[in-house]
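**Q** One structure, pasted below without further comment.
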Amino acid sequence: MPAHVAESDSTPDPTGATDPLAHERAHLAASRAALRGMREDVQALDIRDVTANWVNATVLQAQIDDRIKALADLSHTPLFFGRLDYLHAVGGELAEGERFYIGRRHVHDAAGDPMVIDWRAPVSQPYYQASRKNPQDVGLRRRFGYTAGELTAYEDERLTDPAEAEHTSRLLQAEIERPRVGPMRDIVATIQPEQDEIVRSDLGGTVCVQGGPGTGKTAVGLHRVAYLLYAHRERLARTGTLVIGPNRSFLHYIEQVLPALGELAVKQATVDDLVRTGVEVRGEDEAATAVVKGDARMAEVLRRAIRSHVTAPVEPVVVVRGSRRWRVPAYEVQEMVDELLARDMRYGAAHEALPQRIAHAVLVRMEEAGEAPDDRVQNAVARNPAVKAAVKAVWPAVDPAKLVLRLLSDAEFLAAHAEGLLTGDEQKRLLWAKPARSVKSAKWSAADAVLIDEAGDLIARTHSLGHVVLDEAQDLSPMQYRAVGRRCSTGSATVLGDLAQGTTPWSTESWGEALFHLGKADAVVEELTAGFRVPREVIAYASRLLPVISPGLAAVESVRESPGSLVVREVPSAEVLDAAVVAACEESLRHEGSIGLIAADARIPALGAALTAAGHAYLSPGEETTAASRLTLVPASLAKGLEYDYVVLDEPAAVVDGEPDERTGLRRLYVALTRAVSGLTVLHAAPLPGALV
């Protein structure tokens, strides 16, 4: 059986140490000292004699500063969480076994010998993958338990000992259930084998992870970024990485995970952040309008509208150089235009290529006349006023925002390019009732910004990153998928989501469809069905909604059984509901950890007033919980991706009624029901939705 060792225990260590816990604490202290030495070595670097100029010095100093930050010793974050004792030396079957401490980053002593091995290193992988059936040459796997950064316990698995029975790790369970205060933390100590396989999948392929509540899909995506940066650091340093989340509250919640793993350079953004580069979003669409604007057919409407600016030349191009006149007939210019159209180049690239094509035709005539022009002459001809005027007439520059403005304002222009693609009713939904006078004065919506982004890419290629993580991906429209896909067109992606949690009118019904629009149709779809966060009683209750909201989707099987974790309480009337909710929050606050009060958006002001009147300060989503301030008031629309130790859910019927349709409302309720780690209290005065009765 595993040894769950407390401070007073003196069970012999396999190495012969009489007090194993003291031995491990000594190694922890030595590792911290070694890390401090590594940091001091970097801080002591003198770059004055190795930099040629101030630019090199600035760049090098920035790299040194980043390295110093990465080597920070976070007192509340253990340097190592596990140990592997190999039966033989790694890579040598006959050599004596080796021991490795597994942690969040590599630490070595003054002689360069490793004190802690990075969890991403190949030698660390058996910590997550080794089993009794496949021990991978590991004789002993040791897990460590910590309290406030202090090593307090350990637990051993002797994977090759036939006398030791299979068991569930109590330390692993305790780490999963540890109260949550502050932002999301890493799960590097508790990664499961099926999660580890996704984390370590190759950079070249896109992976889509379908995972229900509590399966760890967000953590898997973030840890995959950390792993890829370890395995392909130089490549990703050149091409960049990006994490895309559904909203700012969510990004704030997860922002400390990668820095805790030593990765400081990963950018985070929402889809709205990506596309709002040229216009200010001040308007909001009705749901039906937003659905049409987010439809993939809009990409072809935009392509047609842009190409409509290309017109047939009606006059020859006459270039005057000195005393000579060089003439390119209109039919020859038309041939150039036809060739560029046939190549389906981006509009802006073709706009830049056409003057060079015309200039080349002039140079051919010069050579035929006995002249010997070079590239400088061709560039000069391409800049000739006659050539520039011809290009402006035939292939004029197009501004993306002005193009979308015209499509949404001019019924005839829209009809001409939406013919056969959009119905008459759909076109009417797109048209502004009161057209804006200019790009600056227009009240652009978030969906409009995506259209402008699409138009911009049709004109000039969007820069592609090396890897993009897209979380809560089920909520994106086809046009939003295209916007994200452009950011990783030459790279790869990790797509994370749960079809049952799709709460937008345009949410996807299948990953195949979503990945097609993303431009990653060949992606591998993985499904996580083991739940580690939400108690079994809670997830089973929420899963009653699945046949209605997402038929055919497998329910999450929680590994955690927690009797009493679910309370569903009816109150006599709506008049006393607020007081009952406050009382439930007070009851939850008697426990350790964070408390989330989740309610329909329309109920937030009343509940906020009730909490204030009762003397309870509360946080908004995205604000960091602390030991002194643990209660967060959460609008249901912002609950996705967040988690709390205890959740009080106010009036489920109001959550459902707050959405445009029942299916979306029930999906929103499913999200709200699955935010709890330790306990959920549901309070209602109105009847519960039928599936929950």
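**Q** Put a dot 7 Å past each Cα toward the Cβ at Asn379 and Asp522; how far apart are the dots in nm?
**A** For the pair Asp522/Asn379, the computed spacing is 3.9 nm.
**Q** Quickly estimate the mean residue ellipticity at 222 nm for the chain, helices only: each DSSP H run with n ≥ 4 gives -39500 (n - 2.57), and the total goes over all residues, rounded to 500.
**A** So the helix-based figure for the chain works out to -11500 deg cm²/dmol.
**Q** If you average the alpha carbon positions of the range 468-483 and of the range 294-329, how far apart do those two centres end up, in angstrom?
**A** Here the two parts' Cα centres lie 34 Å apart.
**Q** Between Tyr154 and residues 5 or more places away or on another chain, which pairs have amide H atoms under 5 Å apart, with H built 1.01 Å from N, and which residues are they?
**A** Val5, Gly145
**Q** A further question on this structure: Quick one: if you take sqrt(5λ) for each eigenvalue of the C-alpha gyration tensor of the range 108-257, what semi-axes come out, biggest first, whole angstrom?
**A** 27, 20, 18
**Q** Once the Cβ-Cβ distance between Glu587 and Arg544 is put in as r, and R0 is 25 Å, what FRET efficiency do you end up with, to the nearest 0.05?
**A** Efficiency, rounded to the nearest 0.05: 0.50.
**Q** Compare the peptides 565-578, 144-157 by average per-residue count of other Cβ atoms within 10 angstrom and give them in order, highest first. Walk me through the intermediate numbers first.
**A** Working: 565-578: 14.4, 144-157: 17.9.
Ranking the peptides 565-578, 144-157 by packing returns 144-157, 565-578.
**Q** Hey, can you grab everything whose amide H is under 5 Å from the amide H of Leu619? Only 5+ residues off in sequence or another chain; H modelled, so Pro and N-termini drop out.
**A** Distant-sequence amide H within range of Leu619: Leu631, Thr632, Leu633.
**Q** Moving to a separate point now. Given N residues in the range 249-379, what is Rg(Cα) / (2.2 N^0.38 Å)?
**A** Ratio of Cα Rg to 2.2 N^0.38 Å: 1.76.
**Q** Over the range 460-514, with the other protein chains present, what is the accessible area per residue in square angstrom, probe 1.4 angstrom? Kindly include the intermediate steps, with their values, before the conclusion.
**A** On the way: 1420 Å² over 55 residues.
That works out to 26 Å² per residue.
**Q** If you wrap a convex hull around the alpha carbons of the range 523-589, what volume per residue comes out, as a whole number of Å³?
**A** Here the figure is 153 Å³ per residue.
**Q** Provide the three semi-axes, in whole Å and in decreasing order, of the ellipsoid equivalent to the range 566-693 as defined by the square roots of 5 times the Cα gyration tensor eigenvalues. Let's see the in-between values first.
**A** Working: eigenvalues 89, 51, 37 Å².
Calculated on Cα positions only, the semi-axes equal 21, 16, 14 Å.
**Q** Still on this structure, please answer the following. Could you tell me which trypsin sites (Lys or Arg not before Pro) in the range 65-148 are loop residues by DSSP with no more than 11 other beta carbons within 10 angstrom of their beta carbon?
**A** Answer by residue number: Lys133.
**Q** For an R0 of 56 angstrom, estimate the FRET efficiency from the Cβ-Cβ distance between Asp410 and Ala72 and round to the nearest 0.05.
**A** Once rounded, the FRET efficiency stands at 0.50.
**Q** Return the distance in nm (one decimal) between the two label points of a simple spin-label model at Ala433 and Arg282, each offset 7 Å from Cα along Cα→Cβ.
**A** Inter-label distance under the simple model: 1.8 nm.
**Q** While we're on this one: Find, to one decimal place in angstroms, the Kirkwood hydrodynamic radius of the chain, where the mean of 1/r is taken over every pair of different Cα atoms and then inverted.
**A** Value: 29.2 Å, from the Cα pair sum.
**Q** May I pose another question? Tell me the accessible surface of Phe81 in square angstrom (1.4 angstrom probe, heavy atoms of protein chains only), to the nearest ten.
**A** Answer for Phe81: close to 10 Å² accessible.
**Q** If you don't mind, there's one more thing I want to ask. How big is the range 178-335 on each of its three principal axes, counting only the C-alpha atoms and giving the largest first in Å?
**A** That gives 83, 44, 27 Å along the principal axes, largest extent first.
**Q** Report the relative contact order of the chain, percent, no decimals, based on alpha-carbon pairs under 8 angstrom and at least 6 residues apart.
**A** The normalised contact order for the chain reaches 13 percent.
**Q** So, in Å, what gap is there between the alpha-carbon centers of the range 568-639 and the range 189-242?
**A** Using only Cα atoms to place each centre, the spacing works out to 34 Å.
**Q** Take the range 312-364, drop everything but the C-alpha atoms, weight them equally and run the Debye formula without solvent; then report log10 I(q)/I(0) at 0.19, 0.22, 0.26, 0.31 Å⁻¹ to two decimals.
**A** Evaluating at q = 0.19, 0.22, 0.26, 0.31 Å⁻¹ gives log10 I(q)/I(0) of -0.65, -0.82, -1.04, -1.26.
**Q** Compute the distance from the alpha-carbon center of the range 126-140 to that of the range 540-560, in whole Å.
**A** Between the Cα centre of the range 126-140 and that of the range 540-560, the gap is 33 Å.
**Q** Okay, next question. Using the basic label-point model (7 angstrom from Cα toward the beta carbon), what is the Leu421 to Leu688 distance in nanometres?
**A** Distance between the two pseudo-spin positions: 4.8 nm.
**Q** Could you order peptides 595-604, 379-388, 462-471 by the average number of other Cβ atoms within 10 Å of their residues, highest first? Write out the running numbers ahead of the final one.
**A** Numbers: 595-604: 23.5, 379-388: 16.6, 462-471: 20.8.
Packing order, densest peptide first, comes out as 595-604, 462-471, 379-388.
**Q** Tell me, what is the percent relative contact order of the range 485-566, built from C-alpha pairs under 8 Å that lie six or more residues apart?
**A** So the answer I get is 30 percent.
**Q** Contour minus end-to-end for Ala330 and Arg32, with contour as 0.36 nm per residue of separation and end-to-end as the Cα-Cα distance?
**A** The span from Ala330 to Arg32 would gain 99.6 nm if fully extended.
**Q** I'd like the Karplus ³J(HN,Hα) series for the range 140-150: coefficients 6.51, -1.76, 1.60, θ = phi - 60°, whole numbers in Hz, and an x wherever there's a Gly or Pro.
**A** Values per residue, Gly and Pro as x: 9, 10, 10, 9, 10, x, 10, 10, 6, x, 9 Hz.
**Q** Next question, about the same structure. Report the FRET efficiency, 1/(1 + (r/R0)^6), for Lys440 and Ala121, where r is their Cβ-Cβ distance and R0 is 60 Å, rounded to 0.05.
**A** 0.65
**Q** With angles folded into 0 to 90 degrees, how steeply does helix 577-588 sit against the dominant principal axis of the chain? Use alpha carbons for both and round to 10.
**A** That works out to roughly 60 degrees.
**Q** Want the number for Glu662 to Ala22: 0.36 nm per residue separation, take away the alpha-carbon distance, what's left?
**A** 224.5 nm
**Q** What ranking do 396-404, 678-686, 197-205 get when scored by the average of other Cβ atoms within 10 Å per residue, highest first? If you can, show how the numbers build up before the last one.
**A** Details: 396-404: 18.3, 678-686: 21.7, 197-205: 16.7.
By packing density, highest mean first, the sequence is 678-686, 396-404, 197-205.
**Q** Note down the relative contact order for the range 293-449 as a percent, whole number, built from C-alpha pairs under 8 angstrom at least six residues apart.
**A** RCO, the range 293-449: 27 percent.
**Q** Report the far tail of the P(r) of the range 332-476, meaning the percent of Cα-Cα pairs longer than 18 Å.
**A** Cα-Cα pairs of the range 332-476 separated by over 18 Å account for 70 percent.
**Q** Suppose the Debye formula is applied to equal point scatterers at every Cα of the range 413-467; what is log10 I(q)/I(0) at q = 0.13, 0.26, 0.28, 0.31 Å⁻¹?
**A** Evaluating at q = 0.13, 0.26, 0.28, 0.31 Å⁻¹ gives log10 I(q)/I(0) of -0.47, -1.21, -1.24, -1.23.
**Q** Moving to a separate point now. Take every Cα-Cα pair in the range 417-510 and report what % of them are more than 23 Å apart.
**A** 40 percent
The values are calculated or read from the model by the stated rules, or taken from the named source; none is laboratory data. None of the values given here were measured: they were computed from a predicted structure. When we count neighbours, we look across all protein chains shown, and the Cβ atoms used for this are built from the backbone with ideal geometry, even at glycine. Quick note on the areas: whole protein, heavy atoms, side chains included, nothing else; ligands and nucleic acids left out. Shrake-Rupley method; radii C 1.70, N 1.55, O 1.52, S 1.80 Å.
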